[in-house]
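Chemist: Handing you this structure, nothing more for now.
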Amino acid sequence: MRVPLINVSEIPSEGTKTVEFFGREVLVYMAGENPRAIMNACLHIGGPLERQGCDFVCQWHQAKFDGESGMRVEGPAPKDARLMYIPTRVLDGVLTYVYGE
Ligand code: FES
């Protein structure tokens, strides 16, 4: 299954862009040279995330996650929690969700 998310050229070098993915919000961003895509849901109780510098911070109770590894840095999310990355590949300049290949 392949689902195009966004042209890589439209992803800002800082911050995020929000795209719709099966009725849910996905945040796309650049981690260095690599485009990444995460579900916009905190691993505590699902609050929305905001990129602050290289990290992501939950807007509800301020859990912080590393923007490179996705691992929780601090806050009320479980210690081993990791942001929900969705599997992607860049195909013809488009960041694309790829599953089952
Ligand atoms: S929902 Fe994110 S820290 Fe509580």
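Chemist: Report the accessible area of Lys64, computed with a 1.4 Å probe over the heavy atoms of all protein chains in place, in Å² rounded to the nearest 10.
Modeler: 60
Chemist: What accessible area, in Å² to the nearest ten, does a 1.4 Å probe give for Cys54?
Modeler: Surface accessible to solvent at Cys54 totals approximately 90 Å².
Chemist: Sticking with this structure for a sec: Would you compute, for the Cα atoms of the chain, the largest minus smallest coordinate along each principal axis and list the three values in descending order, in whole Å?
Modeler: 39, 27, 21
Chemist: Give the shape of the stretch 1-49 as rounded, prolate or oblate, defined through the alpha-carbon gyration tensor: a ≥ b ≥ c are the square roots of its eigenvalues, a/c under 1.5 means rounded, and otherwise the shape is prolate if a/b is larger than b/c and oblate if not.
Modeler: Oblate, since a/c reaches 1.5 and b/c is not below a/b.
Chemist: Would you check the accessible area of Ile45, probe 1.4 Å, heavy atoms only, in square angstrom rounded to 10?
Modeler: It works out to around 110 Å².
Chemist: Next question, about the same structure. Report, in debye and to the nearest 20, how large the dipole of the stretch 18-98 comes out about its Cα centre when Lys and Arg carry +1 and Asp and Glu carry -1 on their Cβ.
Modeler: The dipole of the stretch 18-98 has a size of about 180 debye.
Chemist: Just reorder Tyr99, Tyr85, Tyr29 by solvent-accessible area, largest first, 1.4 Å probe, all chains present.
Modeler: Solvent-accessible surface, decreasing: Tyr99, Tyr85, Tyr29.
Chemist: Using the heavy atoms of the protein chains and a 1.4 angstrom probe, tell me the accessible area per residue for the chain in square angstrom.
Modeler: The answer is 58 Å² per residue.
Chemist: I need the phi-derived Karplus couplings for the stretch 66-79: 6.51 cos²θ - 1.76 cosθ + 1.60, θ = phi - 60°, integer Hz, Gly and Pro marked x.
Modeler: Computed from phi, the couplings for the stretch 66-79 are 6, x, 8, 8, x, 6, 4, 9, 7, x, x, 5, x, 4 Hz.
Chemist: Rounded to the nearest percent, how much of the accessible area of the chain (1.4 Å probe, protein heavy atoms only) is carbon and sulfur?
Modeler: Exposed carbon and sulfur together represent 49 percent of the surface.
Chemist: How far apart, in nm, are two points set 7 Å out from the Cα along the Cα-to-Cβ line at Arg82 and at Asn34?
Modeler: 1.1
Chemist: Report ³J(HN,Hα) in whole Hz for each residue of the stretch 7-24, in order, from the Karplus equation J = 6.51 cos²θ - 1.76 cosθ + 1.60 where θ = phi - 60°; Gly and Pro get x.
Modeler: Each residue's phi maps through the Karplus curve to give 5, 4, 5, 8, 7, x, 6, 10, x, 9, 10, 9, 10, 8, 9, 6, x, 10 Hz.
The values are calculated or read from the model by the stated rules, or taken from the named source; none is laboratory data. Note that the coordinates shown come from a computational prediction; the quantities given were computed from them, not determined experimentally. Please note: Cβ atoms are built from the backbone with ideal geometry, for glycine as well, and neighbour counts cover all protein chains shown. Just so you know, the surface numbers come from the protein's heavy atoms only, side chains and all, with ligands and any DNA or RNA stripped out. Shrake-Rupley method; radii C 1.70, N 1.55, O 1.52, S 1.80 Å.
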